[in-house]
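> Shown below is the structure under consideration.
The values are calculated or read from the model by the stated rules, or taken from the named source; none is laboratory data. Predicted model, so just to flag it, every value in this text is computed and none were measured. Here the Cβ is made from the backbone with ideal geometry for all residues, glycine too, and neighbour counts use every protein chain on show. Side chains are part of the model used for accessible areas, which takes the heavy atoms of the whole protein and leaves out ligands, DNA and RNA. Shrake-Rupley method; radii C 1.70, N 1.55, O 1.52, S 1.80 Å.
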Amino acid sequence: MKQTDKTIKFIILSALFILGYLPTLAWMVNRWLSKDSYYGHGFLVPLVSLFIVWQNKEKIKKVRQNPSNSGLILIIIGLLIHLASALFRVYFTSAFSMILVIIGLVLYLFGKEILNEIKFPIFFLIFMIPLPLVAVADISLRMKLFAAQASTIMLNQMNIPAIRDGSVIRMMHSFLIVGDPCSGLRSLISLLALGALFAYFLNTTTLKKIILFVCSAPIALISNIVRILALALVSEIYGPKAALGFFHNFMGMMVFVIAFVGLAGLS
């Protein structure tokens, strides 16, 4: 097949892909932009994926293209999942089928060798897919209770009497409410994506890359516990008002700083 024909086919299939997934794409953008979204980084994910492909464009050009009809099987399976998801308005599974269709399209148009070169930026797109709201609520609840309990234990270890009452940390002179935004879910999701990037760019063995990525989760949890502990200490020593406003926002940013340093040190 001539390069011109391939380009035309690629443009047509890409247009059909976007048209077919418009409702799913609109759902994702709406979740990215929603108030207190856990996926504010969603817009960056496809841009990062495209940047990685662009960065490796010279290497990709040298890879032999060998289009495979086996990609049609993945495309059909992905579209069937998409149709079933659209029927029941389950956009989460529809979004995952989108990645399956992309893999199928790359196989069908360019072949296995090209797919192997760009598999990371394709799978990285998973980090732009929002979890169902039910799952977000459940995970957020579990995480904030865990963070509150861990912070309470550490406060007592520091000889600052504290008890946990649900997601509230009660101390002698103050208390701290660990709300949903402080559960650490937002930072966990963002730092998993960051950990994946760290692992991808790290020049080491596959095993060490996997270890680095897996460790990004506990690093995110520890960073959030440090944040809550700092807020509790300031609240107890200087009063609840001191723990709000600037210091609260500052510690929110420090979560990512601490996690970034942790990932960098581990790498």
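> Would you check if Leu176 is under 22 Å from the mean Cα position of the chain (by Cα) and either assigned to a strand (DSSP E or B) or not small (Gly, Ala, Ser) (or both)?
Values: under 22 Å from the mean Cα position of the chain (by Cα): no; either assigned to a strand (DSSP E or B) or not small (Gly, Ala, Ser) (or both): yes.
No; evaluated as a whole, the condition is false for this residue.
> Right, next: Is there a residue in the stretch 172-184 that is of a type in the set (A, V, I, L, M), open to solvent by 20 Å² or more (accessible area, probe 1.4 Å) and without any contact (Cβ under 8 Å) to a residue 12 or more places away in the chain?
yes
> While we're on this one: Hey, could you check the stretch 1-42 for residues that are hydroxyl-bearing (Ser, Thr, Tyr), assigned to a helix (DSSP H, G or I) and modelled with pLDDT under 90 and say which is farthest from His82 (Cα to Cα)? First the steps, then the outcome.
As a first pass, look at the stretch 1-42 and keep what is hydroxyl-bearing (Ser, Thr, Tyr): 4, 7, 14, 21, 24, 34, 37-39.
From what is left, the residues that are assigned to a helix (DSSP H, G or I) are 4, 7, 14, 24.
Filter once more, so that each one left must be modelled with pLDDT under 90: 4, 7, 14.
Numbers: Thr4: 30, Thr7: 25, Ser14: 16 Å.
Checked the stretch 1-42; the qualifying residue farthest from His82 (Cα to Cα) is Thr4.
> Looking only at residues that are in contact (Cβ under 8 Å) with a residue 40 or more places away in the chain and among the β-branched types (Val, Ile, Thr) in the stretch 131-167, which one is least open to solvent (accessible area, probe 1.4 Å)?
Val136
> Let me ask something additional. Of all the residues that make up the stretch 181-209, how many are among the β-branched types (Val, Ile, Thr), over 13 Å from Ile219 (Cα atoms) and assigned to a helix (DSSP H, G or I)?
Matching residues across the stretch 181-209 total 1.
> Only one of (1) out of contact with any Phe, Trp or Tyr (no Cβ under 8 Å at 6 or more places or on another chain); (2) touching a residue at least 40 places away in the same chain (Cβ under 8 Å) is not met by Met128, so which one is it?
The failed condition is (1).
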